[in-house]
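Okay, so here's the structure we're looking at.
Nothing in this text is a laboratory measurement; each read-out follows from the coordinates by a stated rule. Note that this is a predicted model, so its numbers are computed, not measured. Here the Cβ is made from the backbone with ideal geometry for all residues, glycine too, and neighbour counts use every protein chain on show.
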């Protein structure tokens, strides 16, 4: 049945279903999609604000809620949404049926609050699509083989949608949110930021992990792995959004696809680390054990017998990290630990870098001309990131957005 | 394991878990029960107000939500409660685990919004009790063999508790609410109404169906069927509540156990009904098909060729009922349909009536002396009900409570 009709998976986030009026809007959109000749699977998040309210309630009862009970609690949010959306669709005179993660067989491992999807039973969905044409599935949640309710962590509903699209071999997965798509950079910083029509998974992955908050990396990785065309659009209009697919000759050839800014990291430097094999491993083993996410790591050996190691981590984890790192610094006989919260990480991303050299030069030159000092540099095949003074972050974005020709008018 | 330790099922209603402070109170009570050497199964309702809020939200989306989706929606309320109560118990340093109706295997038939419990799988609960000592179960909800989420209708959480107590062969089922127990009559009407220490299922059934709102009839019927001792007490104190059991020689012998008042009924009279066989059947078939609940039915044939048939129904259904009844009245060539909303039904209940005559006389005499006119009379083996003017309802309760010696001081 998948191929006679189109099969589309749509996902609507919390801000798109935050109240009755918004839910009705989503219902109309879903029905419209169906009437265009598609079967539609809709994944919804909890009503905007619900999850925060539940977390606050839990916080009034205990400082350390167990993960299992948090999952039990938070999974209710999406269950409310699916029932309400079904009602709104019925009210339009259309058929639809709602399912929880459990009912639709979204099997996960038992890692509460950050479970991984292991398997999806598509039989029930195909059957329900045949009868109803529209199936509504609770995002963010799954069930373990022992019938324990789990949740998928941040970006969980996107992940549900992409995983369903992959399992159902659907034509595409449409993620609706409150922005028009993926932009060349944050439009709040650069006025003439341009919406990107198409972008490849790799570029999107770099942008997602670099602070473009539209989609979470895990979902893009899964879309990439199963080659699910992802579409990101605005739930409030029918304008053209951004299509995320495999790299494609037809894709507009650009050197740089986008510029990202992350102002939420902090830098830690361990000064005077004895330059012996195994020391770096020891440091980062300790950090990993403390579950601190490290982003950039820079070590630059100078001529002395010691070296300095710098790395960035999320600001929220700084306090905890400093405690752990001071301990390990003492053990390895490093001379000091310095932290800097006033940093911004600026990154340019584009598959064009693979075949075109000179991007790094253009970037460094542009920043130099703007008198912006570079503190750390890190590169990948399709990305260059620099750590700079946080006070210069936004102006650096403007400079680079301009230098790489990403602005609206220049491109059209 | 059931018998070495005590096994108690407790149920806390929405008003007992309406916010964090109330949930903490319930947690302390449950832990106290456990520390007395019991395994405890706790059934909780949705946080007070939650269900109304969800129903209101649904009402904003559609006038006629489907029952299946209402169940999907409302079942979330209890799931929130069980997670929060588990957290509060953990915060006291005790073990506990929460389960939804599905997880604990509360199988129901597929009658959404008023499902009947078909089977309960006790294995998982026994196992969890062995590990945790406290098991928290979502009230009001179940699952069909097809994995559809159902709810049990009004009084559903009480029913869950009683059914679990029966299935687990627990020592007793304790229902905690915001009143101290079952009273001889409504203490808001009669100041010296007395709390009843023990009452039998049959009396409680009559009182429950007569408007004493503490417990719903279905739960009492199930408790009666499986001989589960039921205890009703106040979640805010440790005072002695009311124990509901089988009729027992040791039970205090009284003529009348309690007086109930129902001010929410309306009376409909079909005037001039042709006195032929089958006419009454035709009327009540129509009413049943329209799903109107009829309470008292009175037909008194006089000397003419026609008769009048009166019956009472809930006031809320009056509008709908009148429409249906006017239609049927026309068809059977009755002369008129009269309604009266200004009625009260007053009832006295007691197993003592079985062996003692004269209760009816005492009742009629007392009302006559108080100049209260009786409009309709209906009796069962252990109950006498009269319909009177609603303006006289409360004073009739006072008169009868006094005549049958139910007051506090007179009994002690």
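If one computes the Cα centroid of the stretch A:128-189 and of the stretch B:90-121, what distance in Å separates the two points?
28 Å
Using 0.36 nm per residue of separation minus the Cα-Cα distance, give me the extension gain between residue B:364 and residue B:390 in nm, one decimal.
Gain on extension, residue B:364 to residue B:390, equals 7.7 nm.
Sort shortest first the distances from residue A:368 to its counterpart in every other copy, using label points 7 Å along the Cα-to-beta-carbon line, and give them in nm.
Once sorted, the set of distances for residue A:368 reads 11.6 nm.
Compute from the Cα atoms of the stretch A:293-412 the Rg and the Dmax, the latter being the longest Cα-Cα distance, and quote both in angstrom.
Using the Cα atoms of the stretch A:293-412, the pair Rg, Dmax is 17.1, 58 Å.
Give the average, rounded to an integer, of partner chain Cβ atoms located within 10 angstrom of each Cβ in B:56-69. Walk me through the numbers on the way to the answer.
Working: counts 1, 8, 6, 2, 8, 14, 11, 2, 3, 7, 6, 0, 4, 13.
Going residue by residue through B:56-69 and averaging, the value is 6.
Going from the alpha-carbon gyration tensor of the stretch B:6-178, what semi-axes, largest first and in whole Å, does one get by taking the root of 5 times each eigenvalue?
26, 19, 12
Quick one: compute the contact order of the stretch A:6-178, relative version, from alpha carbon pairs under 8 angstrom and 6+ residues apart, as a percent. All intermediate terms of the calculation are to be shown ahead of the outcome.
Working: 368 pairs, mean separation 52.9, N = 173.
With pairs under 8 Å counted, the relative contact order is 31 percent.
Per-residue mean of other chain beta-carbon atoms within 10 angstrom of the beta-carbon, peptide B:89-102?
3
Out of all DSSP beta bridges with both ends in the protein assembly as shown, state the antiparallel percent to the nearest 5.
60 percent
Run lengths n ≥ 4 of DSSP H only: what is the helix-derived mean residue ellipticity at 222 nm for the protein assembly as shown, with -39500 (n - 2.57) per run over all residues, to the nearest 500?
So the calculated ellipticity at 222 nm is -11000 deg cm²/dmol.
Quick one: Debye curve from the alpha-carbon atoms of the stretch A:65-121 only, equal weights, vacuum; give me log10 I(q)/I(0) at q = 0.18, 0.26 Å⁻¹ to two decimals.
Rounded to two decimals, the profile gives -0.72, -1.05.
Could you tell me the largest-minus-smallest coordinate of the C-alpha atoms of chain B on each of the three principal axes, in descending order and whole angstroms?
The principal-axis extents, from largest down, are 75, 55, 33 Å.
Run through the other copies and list how far each one's label point is from that of residue A:305, in nm with one decimal, shortest first; the point sits 7 Å from Cα along Cα-Cβ.
Label-point separations across copies, in nm and ascending: 12.8.
From the label point of residue A:153, set 7 Å along Cα to the beta carbon, how far off in nm is each other copy's matching point, shortest first?
4.6
Can you tell me, using C-alpha contacts under 8 Å and at least 6 residues apart, the relative contact order of chain A as a whole percent?
Computed over chain A, the figure is 14 percent.
May I ask for the Rg/Rh ratio of the protein assembly as shown, computed from Cα atoms with Rh as the Kirkwood radius, given to two decimals?
1.10
So, by mean Cβ neighbours within 10 angstrom, what's the order for A:319-326, B:92-99, A:7-14 with the highest one leading?
A:7-14, B:92-99, A:319-326
Mind telling me which of B:151, B:62, B:379 comes out most flexible in a GNM of chain B, alpha-carbon contacts under 10 Å?
Taking springs between Cα atoms under 10 Å, the residue moving most is B:62.
Quick one, can you get me the convex hull of the C-alpha atoms of the stretch B:121-203 expressed as volume per residue in Å³?
Taking only Cα atoms, the stretch B:121-203 has a hull volume of 146 Å³ per residue.
Over what distance in Å are the Cα centres of the stretch A:215-285 and the stretch A:347-383 separated?
Their Cα centres are 16 Å away from one another.
When chain B is turned about an axis onto chain A, which of its residues keeps its C-beta closest to that axis, and how many Å is it?
Whole-Å result, nearest residue of chain B to the axis: B:76, 2.
For a quick check: sort B:87, B:125 by the number of other beta carbons within 10 angstrom, fewest at the front.
B:125, B:87
Taking the number of other C-beta atoms within 10 Å as the exposure measure, put A:304, A:150, B:108 in order starting with the fewest.
A:304, B:108, A:150
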